[in-house]
Structure formats: C-alpha cells, structure tokens
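Structure first, commentary second.
The values are calculated or read from the model by the stated rules, or taken from the named source; none is laboratory data. A quick note: this is a predicted structure, and the numbers were derived from the prediction, not measured. Every residue, glycine as well, gets a Cβ built from its backbone with ideal geometry; the counts of neighbours run over all protein chains shown.
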Amino acid sequence: MAHAAPTAQRRHLQTGGMDEASRGQLTRALLLGLVYGVWAAFMQRQTGPVDAGNVFYGILCGALFAGIMFALARVGPRLKREVHAAAYGVFAGIAVGYLNSLTDHSVLRSSWIGLITGVGVGLVAFYRFYQREA
C-alpha cells in the first residue's frame, strides 16, 4: 500500500505581507481611486478656485472608491459568476452615476447614465467570467 504512505507536510514561508496577486490588486485599486478622486474633485470644483475642501473631497472619494474596488477584487472570485458580474456592474453604475450627478444635470440623466454603464459593465464582466471559468 505505497499509495497510502504518509507524506511530509509542506511548510509555507510566512512573510507577514501580502502575496503578489494582492499587491497587484491593491496597486490597481489605488491608481483607479486616485483617478476617480481627482475626477470627482474636478467635477465638484466647477471652474472655481481649488481650496482645501475640494482636495479633501477628492481624497475622500478616491479612498472610498479604492477601498470598495479592492474589497470587490478580493471577495468577488469567491462569488458565483452571475453575482460577481452583477457586483461589478452595480459598482460601476453607481460610480459613474455619482460622477455625472456632480455636474449640473438632472438626477434622471445621472440615473440613466449610471444604469446604462452598470448594465454594460455587468454584461462584459459576465462574459469575461464565463469565458475564463475552468
């Protein structure tokens, strides 16, 4: 019964930090959060002078965006592909709709643009997750 012989346990080296995939996800989330924060601060400023309130607003929006993006990248692969794609679609729709609401357009237009963006991103994400499933 050689196939039932005990084997030595593998010992993993604990570095105490993040692995390479988590570091990449965090980097992408931070870069996208930076872009989103600058864009939100620019839209909220509306051609007025830059002040501390605008800078704080941009940092806050960017940090929230990056945090949600990182959490979605970490938790998303554990979800079913439909739910995973819907989560990305909802996140994208809310983010774009909020940025559009910072302009002086109506709430209905912002909702419509957010809905179109969310459905589009959700469909593309579902297609991607469906094609890459093992």
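Some values worked out for this structure:
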read-out: Some residue of the stretch 26-42 being more than 27 Å from A71 (Cβ to Cβ) and either in a helix (DSSP H, G or I) or modelled with pLDDT under 80 (or both); value: no
read-out: Close pairs (9 angstrom Cβ cut-off, 6 or more residues apart or separate chains): within 12 Å of L99 (Cα to Cα) in the stretch 39-51, assigned to a loop (DSSP other than H, G, I, E, B) and among the hydroxyl-bearing types (S, T, Y) anywhere; value: M43/T103
read-out: Long-range neighbours under 6 Å by Cβ, at least six apart or interchain, first residue closer than 17 Å to T27 by Cα and in contact (Cβ under 8 Å) with a residue 40 or more places away in the chain within the stretch 70-94, second aliphatic (A, V, I, L, M) and surrounded by fewer than 19 Cβ atoms within 10 Å (Cβ to Cβ); value: F70/L26
read-out: In the stretch 87-134, the residues that are in a loop (DSSP other than H, G, I, E, B) and surrounded by fewer than 17 Cβ atoms within 10 Å (Cβ to Cβ); value: T103, D104, H105, S106, R132, E133, A134
read-out: Residue selected from the stretch 71-80 under the condition of a type outside the set (V, I, T), surrounded by fewer than 17 Cβ atoms within 10 Å (Cβ to Cβ) and assigned to a helix (DSSP H, G or I), by the criterion nearest to the chain's Cα centre (by Cα); value: A71
read-out: Only one of A86, A95 that is under 18 Å from L32 (Cα atoms) and either under 17 Å from the mean Cα position of the chain (by Cα) or not assigned by TED's automatic domain parsing to the domain that holds T47 (or both); value: A95
